[in-house]
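See structure below.
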Amino acid sequence: MNTKTIRNLLLLLTLGAPFALGAGYDFAGSITGAAANLVINEEPIFKPVGDTIFASLTVVMIVVCGKKIIFSTSDAEYHAGLAYLKSFLGHWLVGWTCLAFYDVPLWGGMSIHQVIPMIATFLANKINLAIVDTTVTDMQTVISGMPMPALFAPAEVFTYGMVMLQSMVMEAVLVLASSFSFVALGVGTLFGPILISVIIVPWLRHWFFSWINFSVKFGMFAVVAAAQAFVWATAADSFIINFVAGNYTLAHLLTSLVGLGIITLGAILGLLSTGSLVNDLFGGSAHGGGNIGVIGALKALF
């Protein structure tokens, strides 16, 4: 077994197939594609359920409105019943419009469920993420240029493994940063018709607004994640160009572990705090770094 074969096996075991050198696998694209297929294949099942719930609740609410008006015992109750009816009709019109055009294009060519994802995609694409591809390529160049460590040289083995591990983590953070939002938006699209249908019920109406809030936040998550990816990819690529500077000897790379580790850790914390940043911008309250802990970070993401 020659050196190249051993090297390729080590890469496969350490980085895994999606990140092995030369794999050319679009991991983020496969995730966003799966989220799109989820909407395409499953949304037609949820839409009729939402229509049925909306029609049933419409009947119930008409009865409730009629009862408030017919059985009113004073002018105050009568006018309160009329106000209740007007509120119901207004919310019914919003609900009917959202359901009728949920998957039917509006004047701008987008259906209701496409509006927020399309806006998020448009804004995210305004951030030039070509630097991410450049950084990933440069990291793979570093790994390709490293000599195989001596079997009984712990420092060399440690350096080799750490550089590969940090490169893998950095690639994963940069490539998958915005994938979470598109998965969440896909799930939100499935439940949209059901959550829209309850807008006509006052005590369930908050579910509709929670769905809107959910969609906006995860739509903007993609934009903030793209901005984070740009910043950390630029920092990592600058470090590789100016510090590593084409010197792939294990002795030199050992001195770069701290710097690369700091950038990698910053990228991870940046991604995990994306939810907090989105909440600060769109949630009406500031969270700052309060969600950087493990549990808080998971809550921020999901």
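Below are the figures for this structure:
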| item | result |
| --- | --- |
| Any hit, region 169-189, residues being closer than 30 Å to residue 59 by Cβ and buried (at least 21 other Cβ atoms within 10 Å of the Cβ) | yes |
| Residue within region 253-268 that is modelled with pLDDT under 85, in contact with a Pro (Cβ under 9 Å, 6 or more places away or on another chain), surrounded by 15 or more Cβ atoms within 10 Å (Cβ to Cβ) and part of a helix (DSSP H, G or I) present | no |
| Residues located in region 31-88, provided they are of a type in the set (Val, Ile, Thr) and closer than 30 Å to residue 184 by Cα | 31, 32, 39, 40, 45, 49, 52, 53, 58 |
| Filtered residue count, region 199-212, keeping only those that are part of a helix (DSSP H, G or I) and without any contact (Cβ under 8 Å) to a residue 12 or more places away in the chain | 3 |
| Filter result for residue 243 (within 17 Å of residue 166 (Cβ to Cβ), of a type in the set (Phe, Trp, Tyr) and in a helix (DSSP H, G or I)) | yes |
| Subset of region 44-88 [of a type in the set (Gly, Ala, Ser) and buried (at least 17 other Cβ atoms within 10 Å of the Cβ)] | 50, 81 |
| Some residue of region 93-105 being within 18 Å of residue 60 (Cα to Cα) and surrounded by 15 or more Cβ atoms within 10 Å (Cβ to Cβ) | yes |
| Residue identified as in contact with a helix residue (DSSP H, G or I) (Cβ under 7 Å, 6 or more places away or on another chain) and surrounded by fewer than 20 Cβ atoms within 10 Å (Cβ to Cβ) among 240, 194 | 194 |
| Sole exception among (1) surrounded by fewer than 15 Cβ atoms within 10 Å (Cβ to Cβ); (2) within 19 Å of residue 121 (Cβ to Cβ) for residue 225, by number | (1) |
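The values are calculated or read from the model by the stated rules, or taken from the named source; none is laboratory data. Every value quoted in this text rests on a predicted model; they were computed, and no experiment measured them. Note that we place each Cβ from the backbone using ideal geometry, even for glycine, and neighbour counts take in every protein chain shown.
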